[in-house]
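Take a look at the structure below.
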Amino acid sequence: MTRIRRRAALRRTTAGAFALGLALAAVTAQAAPAAAHPTSSSPDLGTRVTVFDPSQPVSQIQAALDAANAAQVNNEMGTDRYAFLFKPGTYGTAEQPLQIKVGYYTELAGLGANPGDVVINGKVEVYNRCLENGGTSNCLALVNFWRTVGNLTVNINGAGQDGCRQTANFWGVSQAVSLRRTQFTGGTLSLMDYCTAGPQYASGGFIADSKLPATVNGSQQQWLTRNSEVASWSNGVWNQVFAGVVGAPDDSAFPNPPYTTLAKTPASREKPYLFVDAKGKYQVHVAAAQRNTAGVTWNSPGRNIPLSDFYIAKPGDSAAKINLAAALGRNILFTPGVYNIDRTIDVWRPNTVVLGLGHATLTAVKGSTPLQIEDVPGVIVAGLTIDAGTQKSSALLRVGRSHGHGFTTPNNPTTLQDVYFRVGGPHVGKTGTALEVNSDDVLIDHTWVWRADHGVEGFTGGDTERWNTNTGTYGAIINGDDVTATGLFVEHFQKYNTIWNGNGGTTVLYQNELPYDPPTQADWMNGSVEGYAGYKVGDKVKTHNLYGAGVYVFNQNNPSIHTENGFEAPQRPGVKLHHIMTVNLSAGVIDHVINGVGEAADTTKIGVPVYVNQYPAS
C-alpha cells in the first residue's frame, strides 16, 4: 500500500488560474510544437537545437560539431547554449569516425528509445582546458563544467588521432557534467586527459545508468557512479563512490584504495529523455522511481508523454506565460538559452515534468525565487541551471513551502536531476539559500550548488570584495524527512554549505569546498566556534546516513583561518557517517574531521586526506 504523508490539506485556489486561462486561451497556441525543420514530424525547438539524421554526410555533421566546440571550448561564462540530437541510426564509420568534442553548455543526446538505437563510431570527448601562455600551459579539467551526454552508444575509434589520443575516450570533466544512459564499447574510458600538458587535475563528477568499459579514474578527486556496469576501475584519488554498480571494486580496505561501494542504490529515478517513436513522433520518457536497485535500468517501467503535452519555452518568454501553461496542465520544456525570471515559476500540479535542453538557464531578476515546487508528489525538474541575480533572492529553488504541509509519497518522489545552481560567475549573484527542500520524500539526483570562486564579475578588490558582494549564505537546506541525495556537490557558501534537518535522510557522495574568500577569522565565526562545517546534520536529527564525503579547505584570501570541523552531526546510533574525509589544498586549516575527531587537515598534509572511516566508531 502506498504510504502518503498528509500533515495538512494543501489548499490552493485554481479557479482564478483557470479563468485566466480561458480568457487568454490564445496564448496556449504557442505551446503546441510547430514544424521548423525539414520534416513535418520535427518540432520547433529553437535555433540552438540541431537534429541530425544518419543519412547526412559524416563530414557535414563533423563540421557542425567542430564549429560549436570551437565557439564553446573557452566560453565558460557565456550565454550561448546548444543541444545536438541524433535520430536513431549509426553515425561515422571505421574509416571515417565521428570524433566529437563537447564544450561548455552543450548537450549531446540520442533520440532512440534505448542507448543502442543511436551509435557513434568514433568518440565523445572533453580534453583539459589550457589557461595560460595562449592556451598551451596550465592544462586541467578543474573548470570543465556544464555539459551533458546521454542515451547513445559510443564505439570508441581514434582513427586519425595521434598515438596518445588513440589510447582512450577522454572525459576530462569536473562538476555539473552529466553522463547518463551511455554505452562505451571497444576501448578504454579515461576520466583524466593524460595526453594534454599538465597538471591534469580534475575535481569530480557523475555517471548513471551506463555501461562502461575498463575505466581509468586518473586524477579525479571524488566521483559517483550509480546504477551502471563497469568492466574494471583503476586509480582512485580521495574517494570514489559506487552505488548499485555491477563490477564495482571492493571497498573493504578503505581508504587504501579509497573506494566506497553500496551494493544497491537506496532510491533512484532515471532522468527524462526525448525520443522519436516508431511513427516519427517526439515523446518524453519519464521513468518510475525505484528502490534498492543495481545495474542499468534501460527497460525500467515508466510513462511516455507526447511532446505536444509540453509548453515549449523559448528565451524571452515571460514567467507569466510559463505559469499560465503550467496552470493549464502543460509540462514545460525549456529550450537552450538564458531566461530572465522576474516572478516565481510555480509548479503545483502533481507529476508535472520541467525539462531543460542544452543547459537552459533561469536567472533571478528583481530578487525572485525562479522556481517553486509545491508540496505535491511526482514533480520532476531536470536539466536546468538556476542563477542568482544582482538583487538578493530568498532562495533559487524551493521544494515545498514549509515542512509539514502538503502530501508526498516515497513511491513517486518529487525529483531533481542535473539541476545546477550558481551564485556569481557570469555576473554578481546574491541569495540567502540556493536550494531549500521542505517537502518529504524528495530525490536529488546530481546537483552542483556553487557560490562562484571565480568569474567575470570584475571585482577590483579581489576576494575580499567578492566576499562582501557575491553573497550566498547557505548552499542546501534540507528540512524534509526521507530525502535522498545521490551526487550532492556544494561549494563556497558563507555559512553552512549544507544543513540537513530532516529525519531519515541519505546522501551518497558529498563533495564540498569551503569558501576561499573570508577576509578574516572574525568573518568566519559561528558564534564562538571557528567556522562552519561543510556538512551539518541538524542537532535534532535522529536518523541519517552519509556515504563517501569530502570537505576541502583552501583559504587563499587569508591562510591563517581555521575551521573547527569539516562535519558536524549529533552523536546518536541512528546518525551514521561512512567514509568521510577532509583535505588541505594549500591554505587554511580544518582542525578535525568531525565533532573533534580526526587529525587536522593543515599545510603539513597538502593534498593528503584525513579519513574517518565510520562515525560514530561503533
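No value in this document is a laboratory result; all are computed from the given coordinates. Keep in mind that this is a model prediction, so the values were computed, not measured. Don't worry about glycine lacking a Cβ; one is built from the backbone with ideal geometry, like all the others, and counts go over all protein chains shown.
Quick notes on this structure:
- Alpha carbon convex hull of region 495-618, projected area averaged over orientations, nm²: 6.7
- Under the simplified labelling scheme, the Asn613-Lys540 pair shows an inter-label distance of 3.6 nm, with each label point 7 Å from Cα along Cα→Cβ.
- A straight chain from Asn526 to Lys279 at 0.36 nm per residue would run longer than the Cα-Cα distance by 82.9 nm.
- Computed from label points 7 Å out along Cα-Cβ, the spacing between Thr390 and Asn114 is 5.3 nm.
- Unsatisfied cross-links (Cα-Cα over 23 Å) in the set Lys430/Lys576; Lys123/Lys279; Lys495/Lys540; Lys211/Lys264; Lys271/Lys542; Lys430/Lys605: Lys430/Lys576; Lys123/Lys279; Lys271/Lys542; Lys430/Lys605
- For Gln183, residues with placed amide H under 5 Å, excluding near neighbours: Leu152, Thr153, Val154, Lys211
- Put simply, the amide H of Gln391, placed in the peptide plane, has neighbours under 5 Å in Lys366, Gly367, leaving out anything fewer than 5 places away on its chain.
- Derived from the Cα gyration tensor, the three semi-axes of the equivalent ellipsoid of region 274-412 are 26, 20, 14 Å, largest first.
- Dividing the alpha-carbon radius of gyration of the chain by the rule-of-thumb value 2.2 N^0.38 Å gives 0.91.
- Mean residue ellipticity (222 nm) of the chain, computed from DSSP H runs ≥ 4 via -39,500 (n - 2.57), nearest 500: -2000 deg cm²/dmol
- Förster-model FRET efficiency, 41 Å R0, Thr464 and Gln60, C-beta, rounded to 0.05: 0.20
- Under 5 Å from the amide H of Phe493 lie the amide H atoms of Arg451, each residue being 5 or more positions distant or on a separate chain, with H modelled from the backbone and absent for Pro and chain starts.
- Selection of trypsin sites (Lys or Arg not before Pro), region 534-618, meeting DSSP coil and at most 13 other Cβ within 10 Å: Lys540, Lys542
- Counting all C-alpha pairs of region 225-297, share separated by more than 16 Å (%): 57
- Across region 46-57, computed HN-Hα scalar couplings (Karplus, 6.51 cos²θ - 1.76 cosθ + 1.60, θ = phi - 60°) run x, 6, 9, 10, 10, 10, 9, 10, x, 6, 6, x Hz from first to last residue, x flagging Gly and Pro.
- The modelled label-to-label distance for the pair Asp44/Ala197, using points 7 Å beyond Cα in the direction of Cβ, is 4.8 nm.
- Cα pair count fraction exceeding 28 Å, expressed as % - region 308-494: 20
- Mean-position separation - Cα centroids, region 183-221 and region 278-295, in angstrom: 26
- Here region 239-277 is scanned for amide nitrogen atoms under 17 Å from the site 7 Å beyond the Cα of Ala214 along Cα-to-Cβ, giving 247-249.
- Additional length obtainable on full extension of the chain from Asn351 to Ala70, 0.36 nm per residue less Cα span: 97.3 nm
- Region 550-618 - Kirkwood radius from inverse mean 1/r over Cα pairs (Å): 12.0
- With one equal scatterer per alpha carbon and no solvent term, the Debye-computed log10 I(q)/I(0) for region 433-567 at 0.09 1/Å reads -0.26.
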